[in-house]
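Visitor: One structure, pasted below without further comment.
Any read-out appearing in this document is the output of simple, stated calculations on the displayed coordinates, not a laboratory observation. The model shown is predicted, which means the values in this text are computed figures rather than measured ones. Neighbour counts run over all protein chains shown; Cβ positions are idealised from the backbone, glycine included.
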Amino acid sequence: MNENAKYNIIKKLIESNGNKQRAAVQINCTVRHINRMIKGYKEQGKAFFIHGNRGRKPVHALDDSTKHTIVDLYRTKYKDTNLTHFSELLEEFEGIKVSSNTIHSIILQEFILSPKAKRTSKEALHTKLKDMQKSTKSKKQARVIQSSILAIEDAHPRRPRCAYFGEMLQMDASLHPWFGREKSQLHIAVDDATGDIVGAYFDAQETLNGYYHVLEQILKTYGIPYMFYTDRRTVFEYNKKNPLLLKRILLLNSVMPANS
């Protein structure tokens, strides 16, 4: 999301005394970061968003220790987060302030691809690694390169997105300290074709009730989608001891047409 879009969301939030949690979902950030943007808007107006990334250290200004820390956190604690969100988590919880572009440069130096990397990016990195493997004289470096090549080759190919809005909604839950130190689960539904968030609900744990609230938002706002994708979440598994549950759950399998 570009800075102008963030500005419009925060502007509307302040003018309408809106919901900070909803704004956080729209921007894909924490409520604490929303509060920082509100403060910046009140103090600087639109200039805060235009110049919001200034003052951050460029990639070459970071010491090796910080770079290694960033790579390690991306591989472990914040695995599978997108780079924008990862940048915000680093600043908020690790005290490391770097842009998503800087992070991208750092992880590429370690031959790591974003979870959302396109096939062309994977192919380009694969070709680069093959060329490096041919030219290197260091056995240690060759082993590192070969490991990176295998990681790319073993990665599951991303299926193409659906063509139409409402054709398939992906539902998942994400555990993070959204509101401070205590962690909570964000239940969320995203349209596969557009990437738009169509429903969201916070709860202490991942629960069927949380998904019920998300489903209610979807039905009231958009109507019935054609298909849900749940990645075989255990919360959707059918309990044979409670046959009445079958009538209450729309999503029993990992992929199930909503009109079936």
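Visitor: At 7 Å along the Cα-to-beta-carbon direction for both ASN8 and ASP203, put a label point, then send me their distance in nm to one decimal.
Guide: 3.3
Visitor: Expressed as a rounded percentage, what relative contact order does the range 1-52 have, with Cα pairs under 8 Å and six or more residues apart?
Guide: Reported relative contact order: 41 percent.
Visitor: Please rank ASP172, ASP63, fewest neighbouring Cβ atoms within 10 Å first, as an exposure proxy.
Guide: Placing the least packed residue first, the sequence is ASP63, ASP172.
Visitor: Okay, next question. Given R₀ = 35 Å, what would the calculated FRET efficiency be for THR84 paired with LYS137, taking r from the Cβ atoms and rounding to 0.05?
Guide: 0.35
Visitor: If you don't mind, another one. Treating only the Cβ atoms of Lys and Arg (+1) and Asp and Glu (-1) as charged, compute the dipole magnitude of the range 1-52 about its Cα centre; round to the nearest 20 debye.
Guide: Taking the Cα centre of the range 1-52 as origin, the dipole is about 120 debye.
Visitor: Let me ask something additional. Starting from the Cα-Cα distance between THR221 and SER105, subtract it from 0.36 nm times their residue separation and give me the gain in nm to one decimal.
Guide: Computed gain between THR221 and SER105 is 37.8 nm.
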